[in-house]
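What follows is a set of notes on a single structure, which appears directly below.
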Amino acid sequence: MSKIIATKAIRGAHALVARADRTLRTALEEQGPKTKVEFPNTAYYLPIAYGILGLKIETLGGLKDLLQEAKKLLPPIPAEKLWRPFLGQTLDAGMAALFADEIIEAIKYTENPLPYLTEANPADGRLWLGAANDVIMRERGIEFVDGTAPGFAAIVGCCPTNEIAVKTARELQEKDLYVFLSAGTNGKSVAQQLQEEGVQLGWETRLVPFGDDVTATIHGLGFATRAALSFGGAKPGDYERILQYNKNRIFAFVLAFGPVDDEKHAQAAGAINFGFPAIADTDIGQILPAGICTYEHVVSPVPHDKIVSKAIEVRGLKVAISKVPIPVSYGPAFQGERVRKEEMYVDMAGQKKPGFELVITRNLSEIEDGRITVIGPEVDQLAEGSQVPFGVVIEVAGRKMQPDFEPILERQIHDFANRAHGVFHMGQRDINWVRISKEARQAGFKFAHFGSIIHAMYHNEYGALVDKVQITLITDEAEVAKRIGAARTTYHERDERLAGLTDEAVDTFYSCLLCQSFAPNHVCVITPERSGLCGAYNWLDGKAAHQIKPAGPNQPVPKGRVLDAVKGQWAGVNECVFQNSHKTLEVFNVYSIVEFPMTSCGCFECVSCVLPTCNGIMTVYREFPGMTPSGMKFSTLAGTVGGGLQTPGFIGHSKHYIGSRKFILAEGGIRRLVWMHKSLKEEMRDEINRRAAEHGLENFVELVADETVATTEEQVLEYITRVNHPALSMAALF
Ligand code: SF4
């Protein structure tokens with residue numbers, strides 16, 4: 001607790017209460033105690049007195065009770081030497097200041113002419129609007145309830161330049177916040193600065209000039225109090241509920257520009273009672289621990305270009321970006337759209353060029369929200385038909401963000417990118433593939449817009465987790481090559497987190513329906529020992545995704561009764577698949593390739609298929625471009641298996657599943673593997689050997705054919721016969 005802040009706030013409250021006392025005495029002498037006092041057209045009397053104390057003040061005489069309450073709350077001004085820090089006294093002083101503000105402002109309404117306009121917007125050269133009437137309060141207050149307006153910023157003081165004032169106001173407007181303006185410094189306020197620059201002010205533009213006086217700040221808090229009474233079900237006098245409602249539901253903060261005098265400190269202390277923190281551009285000290293406010297109470301000094309984002313961060317405000325700022329149409333309607341080769345302007349990553357997508361968690365101070373960097377050539381520097389590598393690094397920060405949530409956010413890139421008209425996205429991790437159409441290019445779509453999509457959608461859909469999103473897009477081949485290794489290490493570490501957890505040890509699996517945008521009947525059932533086909537979702541990810549979005553595409557699947565432990569069939573899983581496949585699939589074996597296998601979408605990392613004459617299976621990873629012994633390349637196989645079909649003899653799956661004990665368990669597991677292309681075999685060597693060793697087979701990988709020894713089924717048979725592959729002595733597959 002800062003002694004400087006406390007002393008100034010308490011001193012400011014004393015000054016304001018003394019001023020209220022003087023003003024009230026004069027008004028009583030001049031106008032008499034029966035003179036009516038009211039804010040215009042409101043049923044909430046003087047809202048702070050009514051809401052916090054339950055006082056229905058209607059006359060000048062009635063203000064004496066409020067003054068009395070203010071005096072009762074005033075703590076002594078801290079002594080120079082002996083002082084015990086106590087936040088409670090500062091908060092009391094803040095509340096006393098608010099009572100004093102309301103007295104002074106109420107008396108202004110007895111003046112003739114009225115110092116305030118009673119309209120919703122400034123007019124006839126008059127700027128100040130004072131208290132909102134009930135029509136405005138209901139119309140605007142409901143926006144705070146339904147989320148149309150995430151909150152408000154109460155700006156006090158004056159910016160060093162008009163340019164900073166305009167920039168700050170625009171930034172707040174872009175975030176749909178209301179801006180309440182009051183309390184000038186040396187005769188000038190931000191409202192006047194905006195007026196000088198021709199900025200439209202008023203309730204309609206959400207830039208509301210309450211008044212020049214420091215006491216006009218009360219109209220913002222009065223508005224908040226009325227919102228609690230009107231929408232929060234709080235009763236007059238139930239100050240606890242009113243303050244709690246504001247802390248939890250009205251995301252507001254104070255922005256203080258320029259020197260902060262004692263009276264402004266007192267306003268800040270008053271706002272803290274409501275859970276509204278203060279952020280200043282000058283060094284006024286800090287009150288950092290959370291408590292009354294969700295996070296810090298006073299933060300300073302904050303540079304002008306950071307002050308809005310800092311305030312949003314400190315208040316824990318979740319900002320949604322209403323429109324994705326890109327030059328092409330955007331919406332779920334475009335999700336199923338493909339960009340064919342002849343329509344394509346540029347091809348990114350995929351089978352021809354390297355690429356990766358990685359979400360990483362950072363500290364809030366490490367990244368800048370909305371920063372989008374492109375390393376390498378932009379779309380407009382590339383010729384039509386170009387193929388470029390594409391690395392996507394998304395750094396996110398948020399007080400509720402956890403590294404466990406990274407894969408979930410990462411997998412959403414697919415969904416979010418596909419919503420842009422003329423953008424096609426497939427795959428994930430280091431098998432991403434993106435195409436931008438000629439039409440999108442002509443409309444002005446650039447790589448940087450890929451970042452704009454992610455930035456907007458992460459805020460919109462995962463605002464509860466992320467406060468800042470910074471994106472780096474890499475089309476420079478050397479830079480992608482430099483970073484891809486670290487990305488792969490991260491993928492591997494994520495997969496390893498699951499090691500040791502078995503399907504038997506849990507009673508709930510998770511479904512994933514994300515790929516239904518391409519494969520309408522496809523359901524991934526994610527178990528500890530069988531990750532999602534794309535490799536991007538394991539069981540822990542499914543669980544975390546469900547925690548983040550309880551109504552999202554990952555739902556818990558209670559296993560229910562075991563129907564076949566070897567084939568991997570459970571009553572609960574069948575039920576889930578039946579419902580989610582639109583009643584097209586009744587039986588679903590999680591561990592079988594032959595009998596009612598899992599459906600495949602289009603995002604799988606690998607395809608395995610039966611080689612009948614070999615009594616075994618072959619497995620190919622999606623990056624292998626060559627012919628396989630099945631007589632099909634990966635792309636043809638993917639077309640055969642994908643689309644959400646159950647295709648006996650074929651399955652799409654993750655790389656990780658190959659090393660699982662449950663890999664085609666129904667057909668005898670890894671011992672059935674007779675062909676795998678060399679690069680995948682080398683990559684998976686240890687896992688494959690480890691599993692085979694559990695069946696008593698040493699160095700099993702050497703018994704598996706690859707393209708260097710066999711490219712047809714006949715050649716595979718010759719090879720496995722020569723090396724005495726165990727598949728040949730296993731039960732017939734059909
Ligand atoms: S492949 Fe499966 S786990 Fe991966 S996103 Fe698609 S439905 Fe989800």
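Listed by first and then second residue, the pairs with beta-carbon distance under 7 Å, at least 6 apart or on different chains, first residue in region 524-537 and on the phi < 0 side of the Ramachandran plot and outside any strand (DSSP E or B), second more than 7 Å from the ligand (Cβ to nearest atom) and among the β-branched types (Val, Ile, Thr), are Pro528/Thr502; Pro528/Val506; Glu529/Thr502. Taking Pro597, is it in contact with a strand residue (DSSP E or B) (Cβ under 8 Å, 6 or more places away or on another chain) and either among the basic types (Lys, Arg) or under 19 Å from Phe509 (Cα atoms) (or both)? In short, yes. Of all the listed residues (Glu29, Glu38), the sole one being surrounded by fewer than 17 Cβ atoms within 10 Å (Cβ to Cβ) and within 19 Å of Tyr116 (Cα to Cα) is Glu38.
Total residues in region 417-432 satisfying the condition of being in contact with an Asp or Glu (Cβ under 8 Å, 6 or more places away or on another chain), farther than 18 Å from His492 by Cβ and within 15 Å of the ligand (Cβ to nearest atom): the figure is 1. Of all residues in region 585-601, those that are under 20 Å from Arg661 (Cα atoms) and without any contact (Cβ under 8 Å) to a residue 60 or more places away in the chain have Cβ atoms under 9 Å from Cβ atoms of residues that are of a type in the set (Gly, Ala, Ser) and part of a loop (DSSP other than H, G, I, E, B), 6 or more apart or on another chain, in Pro597/Gly649.
Residues Cys614, Cys609: which one is away from the ligand (no atom under 16 Å from the Cβ), modelled with pLDDT of 90 or more and either of a type in the set (A, V, I, L, M) or buried (at least 24 other Cβ atoms within 10 Å of the Cβ) (or both)? Explain how you work it out, then say what you get.
Details: Cys609 fails: either of a type in the set (A, V, I, L, M) or buried (at least 24 other Cβ atoms within 10 Å of the Cβ) (or both).
Residue meeting the stated conditions: Cys614.
When region 508-523 is limited to residues that are more than 20 Å from Leu498 (Cβ to Cβ) and outside any loop (DSSP other than H, G, I, E, B), the one that is farthest from the ligand (Cβ to nearest atom) turns out to be Ser517.
Return yes when Phe509 is more than 16 Å from Tyr657 (Cβ to Cβ), in contact (Cβ under 8 Å) with a residue 12 or more places away in the chain and among the hydrophobic types (A, V, I, L, M, F, W, C) and no when it is not. When the stated conditions are applied, Phe509 does not pass them.
Looking at this structure, is Glu529 buried (at least 19 other Cβ atoms within 10 Å of the Cβ) and more than 9 Å from the ligand (Cβ to nearest atom)? Yes; evaluated as a whole, the condition is true for this residue. Of all residues in region 120-174, those that are in a loop (DSSP other than H, G, I, E, B), within 32 Å of the chain's Cα centre (by Cα) and modelled with pLDDT of 95 or more total 1. Please verify whether His459 is within 20 Å of Phe356 (Cβ to Cβ) and within 22 Å of the chain's Cα centre (by Cα), treating the condition exactly as stated. In short, no.
Of the residues making up region 626-637, just one is within 37 Å of the chain's Cα centre (by Cα) and surrounded by fewer than 14 Cβ atoms within 10 Å (Cβ to Cβ), namely Ser635. Of the residues making up region 402-409, at least one is on the phi < 0 side of the Ramachandran plot, touching a strand residue (DSSP E or B) at 6+ places or on another chain (Cβ under 6 Å) and within 16 Å of the ligand (Cβ to nearest atom). Just checking, how many residues over region 539-571 are modelled with pLDDT of 90 or more, in contact with a helix residue (DSSP H, G or I) (Cβ under 7 Å, 6 or more places away or on another chain) and either within 13 Å of the ligand (Cβ to nearest atom) or outside any loop (DSSP other than H, G, I, E, B) (or both)? Of the residues in region 539-571, 6 are modelled with pLDDT of 90 or more, in contact with a helix residue (DSSP H, G or I) (Cβ under 7 Å, 6 or more places away or on another chain) and either within 13 Å of the ligand (Cβ to nearest atom) or outside any loop (DSSP other than H, G, I, E, B) (or both).
Between Lys438, Lys446, Lys468, which is surrounded by fewer than 18 Cβ atoms within 10 Å (Cβ to Cβ), away from the ligand (no atom under 16 Å from the Cβ) and among the basic types (Lys, Arg)? Step through it out loud before you land on a result.
Values: Lys446 fails: surrounded by fewer than 18 Cβ atoms within 10 Å (Cβ to Cβ); Lys468 fails: surrounded by fewer than 18 Cβ atoms within 10 Å (Cβ to Cβ).
Unique residue meeting the criteria: Lys438.
The values are calculated or read from the model by the stated rules, or taken from the named source; none is laboratory data. Everything numeric here is computed off the predicted structure, so don't read it as measured data. With ideal geometry, Cβ positions are generated from the backbone for all residues, glycine too; neighbour counts draw on all protein chains shown.
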